[in-house]
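Asker: For reference, the structure I am asking about is given below.
Laboratory data are not the source of any read-out in this text; all were calculated from the coordinates shown. Keep in mind it's a predicted model, so treat the numbers as computed, not measured. Don't worry about glycine lacking a Cβ; one is built from the backbone with ideal geometry, like all the others, and counts go over all protein chains shown.
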Amino acid sequence: MHIRNPNSFIIGKQLIELESCSSTNTEAVKMAQNGDAQHGTVVLTNCQTSGKGQRGNVWEAASGQNLTFSIVLHPQSLHISDQFFLSMLTSLSIYDFLSEYLLEEDLKIKWPNDIYFEDTKMGGILIESIAQGEFVKTSVVGIGVNINQKEFVHPQAKSLAMICGQEFDLREMLTLFLEFFTRRYRQLENLSAKSLHQEYYSKLYWYDEIHTFQDLQEQYFMGRIKGVNELGCLIVERENDTKEFDIKEIKFIK
């Protein structure tokens, strides 16, 4: 394990680099619980053997070819009902970062936590939080972004190198991303939640468009995404009603 201070930002000032681990989120949660990770600590690895995704999925990442890391946050006065703001600001940070290399109109944030280039997945997040009373004591933000990997098992995955036709320095990419994340996190600290909502919606995949979805009963229906509520549930307008769906309650079809 190596501990370094790569830059002057609070986010990423302490960088803990692991040669390999099952999941940076798992390691970061342990460190946070043991008091070994200050606010803004980044846990990074080149080889993640069982990276976590939503719905119990495993994040596919070839060793040493992508960004796979977790950020430990100790928010001040973030109510548990507002923690989806962390998901929004993280998604926007990845969007900002990729926009340095790709056209913005080709990038979208797919609810709840994926970043898409056209209709292919380039990145994702998984946030695990520890509450203390009504407030978030600690959040571990796990982030994976496809950078240099050229081959994927999943046909809908794509990397920056595949699109741009060149490889990138992962350490430089991490430093750049942390700059964008720091700016977005300051929006949350400065109570600019409304502006986060507006930007998130403007970049949301399928927002205000009619598409086909599937519910828990495996029933297909046509609907239009109208937003996300304060708990992070997707608001979908259907033919006869408007319904809110949690993460595991709805699938995007076409």
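Asker: Based on DSSP, what percent of beta bridges with both residues in segment 2-202 are antiparallel, to the nearest 5?
Answerer: Taking every DSSP beta bridge within segment 2-202, about 85 percent pair in antiparallel fashion.
Asker: In deg cm²/dmol, rounded to 500, what helix-only [θ] at 222 nm does the chain give when every DSSP H run of at least 4 residues adds -39500 (n - 2.57) and the total is split over its residues?
Answerer: Result for the chain: -7500 deg cm²/dmol, rounded to the nearest 500.
Asker: Under 8 Å for C-alpha pairs, at least 6 residues apart: give me the relative contact order for the chain, rounded to a whole percent.
Answerer: Relative contact order of the chain: 16 percent.
Asker: Follow-up question, since we're still on this one. Going by how many other beta carbons lie within 10 Å of each one, how would you line up C21, C47, fewest first?
Answerer: In order of increasing Cβ crowding within 10 Å: C47, C21.
Asker: Ordered by packing density, taken as the mean number of other Cβ atoms within 10 Å over each peptide's residues, highest first, how do 108-116, 164-172, 233-241 rank?
Answerer: 108-116, 233-241, 164-172
Asker: Could I ask something else about it? Could you order the peptides 73-83, 93-103 from most to least packed, using the average number of other C-beta atoms within 10 Å per residue?
Answerer: 93-103, 73-83
Asker: A further question on this structure: Say the cut-off is 26 Å between C-alpha atoms; which of K226/K254; K137/K203; K108/K137; K158/K203; K226/K248; K30/K243 go over it? If you can, show how the numbers build up before the last one.
Answerer: Details: K226/K254 17 Å; K137/K203 29 Å; K108/K137 30 Å; K158/K203 19 Å; K226/K248 18 Å; K30/K243 37 Å.
Among K226/K254; K137/K203; K108/K137; K158/K203; K226/K248; K30/K243, the Cα-Cα distance tops 26 Å for K137/K203; K108/K137; K30/K243.
Asker: Using only the alpha-carbon atoms, how far is helix 84-98 inclined from the longest principal axis of the chain? Give it as 0 to 90 degrees, nearest 10.
Answerer: For 84-98 against the chain, the angle is about 70 degrees.
Asker: Under 1.5 on a/c is rounded, so check that first for segment 210-252, then, if it is not, pick prolate when a/b is larger than b/c and oblate when it is not; a ≥ b ≥ c are the square roots of the alpha carbon gyration tensor eigenvalues.
Answerer: Since a/c reaches 1.5 but b/c is at least a/b, the shape of segment 210-252 is classed as oblate.
Asker: Calculate, in nm to one decimal, what E105 and T49 gain on full extension: separation in residues at 0.36 nm each, minus their alpha carbon distance. Spell out each step's value before the answer.
Answerer: On the way: separation 56, 0.36 × 56 = 20.16 nm, distance 3.31 nm.
Extra length from E105 to T49 when fully extended: 16.8 nm.
Asker: Over the Cα atoms of the chain, how large are the radius of gyration and the largest Cα-Cα distance (Dmax), in Å?
Answerer: My reading of the Cα-based Rg and Dmax gives 17.8, 57 Å.
Asker: At 7 Å along Cα-to-Cβ for each site, give me the label-to-label distance between L216 and E17 in nm.
Answerer: In this crude label model, L216 to E17 measures out at 4.5 nm.
Asker: Could you rank the peptides 248-254, 31-37 by their average count of other C-beta atoms within 10 Å per residue, with the highest value first?
Answerer: 31-37, 248-254
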